[in-house]
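K.L.:
Got a structure here, written out as structure tokens. Questions coming.
The values are calculated or read from the model by the stated rules, or taken from the named source; none is laboratory data. Remember, predicted model here, so these are calculated numbers, not experimental data. Cβ: placed from backbone, ideal geometry, glycine included. Neighbour counts: every protein chain shown.
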Amino acid sequence: MTIALRRLVRAGVWAAALLTVTATMVALPKAVYAQGGVLVDAEGVMKIRRFDDPHGMLHQQRVAAARAGLEQKLAHRSELRKVSLTLLEAAITDSLDHNRQLSDAMRHLAGLTRIQYIFFYPETNDIVLAGPAEGWVDDLSGRTVGIDSGRPTLLLEDLIVALRAYGPSNKRAPILSCSIDPTPEGLRDMRTALERLGANVQPSDAPRIAEMLKTSLGLQKVSIGGISSKTHFAQVLVEADYRMKLIGIGLENPAGVGIGSYVGRANPSAIARNALKRWYFTPNYECVRMSEDGLAAELVGDGVKLIGEDEVVGADGARHGGGAKDPASTAFTQAFTKRYGKLAAKVPVYGQLRNCIDLAVAAAHIRTSGWCERAGWQMLVFDNEERYAVETHHAPVQVETAVNVVWKTKNQFSTPIGGGVTIQANLALQSANKLADTDGQVQKAREQVKPPKLAKGQWWWD
């Protein structure tokens, strides 16, 4: 048998080496999913961390402590909790001015787990986010999730990042993005290593081959656009992208979701030589239903799509467009999009990605509608890093290469798989994408949740 390089893929942090030396089919290894998170060290290298809690006892202890510490009204599950952004900033301003720490309720937006509606009330100058909410707890990975649903809560720091990206001080609507890319040298070295691989390769050589690919590719470069790389928002984009590729190459398999891996679908004989695979997240831009009077909007659907694009890599490691279509890749991205809601319910980082996308769309809607100007809201704290710092995290600069080696058919190919996240929130607000409030339900929802007479300092209500 001769060893032929059949497949290289952009952003090769997820190099899936799919190799075979005989026609015998060998089952894909089943990847076991455990609760996971990430750590970004002081050098900016992002690494996956796993947390074992086989019987759930540690989490239950955390839940019990969280319930005991939460105000009863906040611990109560609400179908539609309302948060006035203008009143929230006023309450935060008062806390900062008097050297008081912000409350947990402020930092977790009163336990909101999703944005369902965005309302504006010109008579009171309230800009309101509304959605389901519940009490919260930090899971073993440090993520804040709902006590009842396990879905991640919205975070004040992510809201502020979105508002700054689309705020009055930012004259141009940005594209929020992340990308994880191998160096040209890494791709070249990987190609060379595969070409030098001997002919007498056996299934027992899989660990050696995986280590060879990981070493030759080296660390992958992280690029972030449109927002500060030192924010939690940026870390969510990178982690969600990285772990999506782990699913694609069969190294993660969230139980009960049914997405399946790319490597399980791929047909080596159908792979064009040196074709590159890219998968990246975008918003589902048909996600905004607007009221006729323009004072209310509803975010609908799961809000996230996974799409693919093929590229080709040359012998020098440079990437070029024009790769052939791959049915296995298409099937993977379609399955991922279709089951995204179920995945987000199982794996919190995907819920966080959806929340970040929703926040970006909401912020873009507030900007496009001119609500800040109409409300006289200057965001003197939210739009000022010196007043409220959110750029407090280690910036992810590199990620470790992950490799899976799977033996399939007589031919073989190697797949460093990549992509990223691209959020152009303004596209959701274009007329071609906006959904009509044909039955007037969005407008009725706004009328039904008009801000009541609130106590001094109160900024949320059920």
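K.L.:
If you check Gly12, Gly37, which single one turns out to be in contact with a Pro (Cβ under 7 Å, 6 or more places away or on another chain) and either farther than 23 Å from Gly351 by Cα or modelled with pLDDT of 70 or more (or both)?
P.N.:
Only one candidate qualifies: Gly12.
K.L.:
Would you kindly identify the strands (runs of 3 or more DSSP E) lying entirely within region 98-149 that contain at least 3 residues that are modelled with pLDDT under 95?
P.N.:
136-138, 144-146
K.L.:
Filter region 156-180 for residues that are touching a Leu at 6+ places or on another chain (Cβ under 7 Å) and not small (Gly, Ala, Ser); which is modelled with the lowest pLDDT?
P.N.:
Step by step, filter region 156-180, then rank; the result is Cys178.
Residues checked against (1) of a type in the set (A, V, I, L, M, F, W, C); (2) surrounded by fewer than 19 Cβ atoms within 10 Å (Cβ to Cβ):
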site: Thr124; (1), (2): no, yes
site: Leu129; (1), (2): yes, no
site: Asp148; (1), (2): no, yes
site: Glu157; (1), (2): no, yes
site: Pro174; (1), (2): no, yes
site: Ser179; (1), (2): no, no
site: Pro184; (1), (2): no, yes
site: Met190; (1), (2): yes, no
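K.L.:
Do we have Glu391 as modelled with pLDDT of 95 or more, out of contact with any helix residue (DSSP H, G or I) (no Cβ under 7 Å at 6 or more places or on another chain), over 25 Å from Met190 (Cα atoms) and not hydrophobic (A, V, I, L, M, F, W, C) here?
P.N.:
Against the criterion (modelled with pLDDT of 95 or more, out of contact with any helix residue (DSSP H, G or I) (no Cβ under 7 Å at 6 or more places or on another chain), over 25 Å from Met190 (Cα atoms) and not hydrophobic (A, V, I, L, M, F, W, C)), Glu391 qualifies.
K.L.:
Scan region 151-175 and report the pairs whose first residue is of a type in the set (Asp, Glu) and whose second residue is in a helix (DSSP H, G or I), with Cβ atoms within less than 7 Å and a gap of 6+ or a chain change.
P.N.:
If the second residue must be in a helix (DSSP H, G or I), the pairs left are Glu157/His232; Asp158/His232; Asp158/Phe233; Asp158/Asn355; Asp158/Cys356; Asp158/Leu359.
Yes/no per residue for (1) in contact with a helix residue (DSSP H, G or I) (Cβ under 9 Å, 6 or more places away or on another chain); (2) among the aliphatic types (A, V, I, L, M); (3) surrounded by 15 or more Cβ atoms within 10 Å (Cβ to Cβ); (4) more than 20 Å from Leu454 (Cβ to Cβ):
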| position | (1), (2), (3), (4) |
| --- | --- |
| Met46 | yes, yes, yes, yes |
| Glu71 | yes, no, no, no |
| Leu87 | no, yes, yes, no |
| Ile92 | yes, yes, yes, no |
| Arg100 | yes, no, no, no |
| Leu109 | yes, yes, yes, no |
| Arg114 | yes, no, yes, yes |
| Tyr121 | yes, no, yes, no |
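K.L.:
Among the residues of region 448-462, how many are closer than 18 Å to Leu109 by Cα and either in contact (Cβ under 8 Å) with a residue 40 or more places away in the chain or surrounded by 10 or more Cβ atoms within 10 Å (Cβ to Cβ) (or both)?
P.N.:
9
K.L.:
Gln60 versus (1) in a strand (DSSP E or B); (2) without any contact (Cβ under 8 Å) to a residue 24 or more places away in the chain; (3) not hydrophobic (A, V, I, L, M, F, W, C): which is the lone unmet condition?
P.N.:
Result: Gln60 passes all but (1).
K.L.:
Now for a separate question. What residue, among those in region 64-92 that are touching a Leu at 6+ places or on another chain (Cβ under 7 Å) and not in a helix (DSSP H, G or I), is farthest from Arg164 (Cα to Cα)?
P.N.:
Across region 64-92, the extreme among qualifying residues is Arg81.
K.L.:
Within region 376-392, work out how many residues are under 13 Å from Leu96 (Cα atoms), touching a Ser or Thr at 6+ places or on another chain (Cβ under 9 Å) and of a type in the set (A, V, I, L, M, F, W, C).
P.N.:
2
K.L.:
Can you name every residue in region 328-344 that is of a type in the set (A, V, I, L, M) and modelled with pLDDT of 90 or more?
P.N.:
Ala331, Ala335, Leu343, Ala344
K.L.:
State all residues of region 189-225 that are under 24 Å from Val238 (Cβ atoms), in contact with a helix residue (DSSP H, G or I) (Cβ under 8 Å, 6 or more places away or on another chain), outside any loop (DSSP other than H, G, I, E, B) and not hydroxyl-bearing (Ser, Thr, Tyr); if no residue qualifies, say none.
P.N.:
Selection gives Asp189, Met190, Leu213, Leu217, Gln220, Val222, Ile224.
K.L.:
Right, next: Looking at region 172-188, which of its residues are outside any strand (DSSP E or B) and within 18 Å of Pro396 (Cβ to Cβ)?
P.N.:
Hits for region 172-188 are Pro182, Thr183, Gly186.
K.L.:
Could you check how many residues of region 412-445 are over 30 Å from Arg172 (Cβ atoms) and either part of a strand (DSSP E or B) or at pLDDT 90 or above (or both)?
P.N.:
Residues flagged as over 30 Å from Arg172 (Cβ atoms) and either part of a strand (DSSP E or B) or at pLDDT 90 or above (or both) within region 412-445 amount to 12.
K.L.:
Something else about it: From (1) surrounded by fewer than 17 Cβ atoms within 10 Å (Cβ to Cβ); (2) touching a helix residue (DSSP H, G or I) at 6+ places or on another chain (Cβ under 9 Å); (3) not in a helix (DSSP H, G or I), pick out the condition that doesn't hold for Arg50.
P.N.:
Failed condition: (2).
K.L.:
Let me ask something else. Could you figure out which of (1) at pLDDT below 90; (2) of a type in the set (Val, Ile, Thr); (3) within 30 Å of Val83 (Cβ to Cβ) isn't true of Thr183?
P.N.:
(3)
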